[in-house]
Structure formats: structure tokens, C-alpha cells
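Beneath this line is the structure, given in C-alpha cells, with notes to follow.
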Amino acid sequence: SLPVVAIVGRPNVGKSTLVNRVLGRREAVVQDEPGVTRDRVSYPAEWNGVPFMVIDTGGWEIDARGIARHVAQQAEVAVEMADVIVFVVDATVGATDADEDVVKLLRRSGKPVVLVANKVDDVHVEGEAAALWSMGLGQPFAVSALHGKGSGDLLDEILANF
Ligand code: GDP
Ligand code: MG
């Protein structure tokens, strides 16, 4: 079966936008309202001739309640299914306490984690992206999912972990 890449992170960090960038088409639902991706959704993808599955998740809030809790459980299932986890942080916001809690859970999963600093649309945000080294997940890959910047290097890194 194909390698599975799960995209996780808090609502509104740009997970679905990144999935669309990886797919090269607008299939995952992007919304300005947080928490729109209610369930995990998997899509067939390919990079440099290597096929894989990419799972979009609704965002992972540790203290989630109600519908948000449901979404969080979907994300946990996605992590269990995944061969590589792509953890997305909004570089313009930085790492939050909730992100730190997720990092602990991801470490416990024992799966390879690739850290994405998203919304690095221009050089003014590159310092914020570099600050995410402090999360202890290795190199933050600075990406603008919206404009496509950095997505090639990110995909190379994801495939290196298959
Ligand atoms: P999700 O909740 O994590 O799936 O986030 P979405 O993909 O739905 O995006 C949430 C919002 O962030 C939308 O308004 C996107 O257009 C915006 N967004 C996503 N990626 C970027 C980016 O690289 N740069 C900027 N400026 N906005 C982005
Ligand atoms: Mg989404």
C-alpha cells in the first residue's frame, strides 16, 4: 500500500491550503473560518513520480470539546495511519501552548515528523519561521502554501522519510 502523509496542526494554520498545493489542484476545502475540515480526508498524490496518500485533518486542539473533539479524534486516527506526519504551524502566529502539547503527542507516536512554518509569504516572516527551531522538531520548512514557496523542498523532505 502507498505511504501515508498526515497533515496536522491547529485550525486555520493552512493545512487544507497545503494539501491543495501538494495535490496541484483545489480539492481540499479552504475556509477563513477555523475548523472547516471536519473529518480526515485522504487524497492520492505524487511527487517526482513517487505516489503516496495525503490526509487532510480538521485540526488538533488538545482541550477540544464537542465537534472540535470529534475533529481532534480524527486527527489522532490520521496520525496512527501515517508513515510521515507533517506538523503545520502558522509562522505569523508562532508556536502556541497547544502546539507544544501536540509536539509531545507526536514524539510519543514515534513517527517521523516534518515541521512546516506556513504563511511565510515574504522574507519579513523568515525570522519567525527560524524561531520554530525551538520546538525541537528539527528544521522548520518555511513555506507559503498560498503562493507555493518552499513546497518543493518540503516534498523532497517528506519523501526522504518514506
Ligand atoms: P486549515 O484550517 O489549517 O485547513 O487552514 P486553511 O487551509 O483552511 O487556511 C486558513 C486560512 O489561511 C485561509 O484564509 C487561507 O487562505 C490562509 N492561508 C493558508 N496558507 C496561507 C499562506 O501560505 N499564506 C497566507 N497569507 N495565508 C494562508
Ligand atoms: Mg482545513
- Item | Residue check for residue 155: in a helix (DSSP H, G or I), of a type in the set (A, V, I, L, M, F, W, C), over 19 Å from residue 10 (Cα atoms) and at pLDDT 95 or above | yes
- Quick check: is even one residue across the range 113-127 surrounded by 15 or more Cβ atoms within 10 Å (Cβ to Cβ), among the acidic types (Asp, Glu) and in a helix (DSSP H, G or I)? no
- Residue list for the range 111-162, restricted to those being within 14 Å of ligand 1 (Cβ to nearest atom), touching a strand residue (DSSP E or B) at 6+ places or on another chain (Cβ under 6 Å) and under 21 Å from residue 53 (Cβ atoms): 116, 118, 141, 143, 145, 154
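Okay, residues lined up against (1) over 13 Å from the mean Cα position of the chain (by Cα); (2) at pLDDT below 95; (3) among the hydrophobic types (A, V, I, L, M, F, W, C):
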site: 51; (1), (2), (3): yes, no, no
site: 81; (1), (2), (3): yes, yes, yes
site: 95; (1), (2), (3): yes, yes, yes
site: 118; (1), (2), (3): no, no, no
site: 121; (1), (2), (3): yes, no, no
site: 145; (1), (2), (3): no, no, yes
site: 151; (1), (2), (3): no, no, no
site: 160; (1), (2), (3): yes, no, yes
- Task: Report yes if residue 27 is surrounded by fewer than 23 Cβ atoms within 10 Å (Cβ to Cβ), modelled with pLDDT under 75 and within 11 Å of ligand 2 (Cβ to nearest atom), otherwise no.
- Result: no
- Residues of the range 138-162 being crowded, with 19+ Cβ neighbours inside 10 Å and either more than 16 Å from ligand 2 (Cβ to nearest atom) or free of Cβ contacts under 8 Å to residues at least 12 places away in the same chain (or both), in sequence order, are 140, 141, 142, 144, 150, 151, 154, 155, 158
- Note on the structure: Those residues of the range 96-119 which are aliphatic (A, V, I, L, M) and out of contact with any Leu (no Cβ under 6 Å at 6 or more places or on another chain) amount to 98, 102, 103, 105, 106, 114, 116
- Name every residue in the range 130-147 that is part of a helix (DSSP H, G or I) and more than 20 Å from residue 84 (Cβ to Cβ), in order of residue number. 130, 131, 134
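The values are calculated or read from the model by the stated rules, or taken from the named source; none is laboratory data. Since this is a predicted model, take the numbers as computed values, not measurements. Note: ideal-geometry Cβ built from the backbone for every residue, glycine included; neighbour counts use all protein chains shown.
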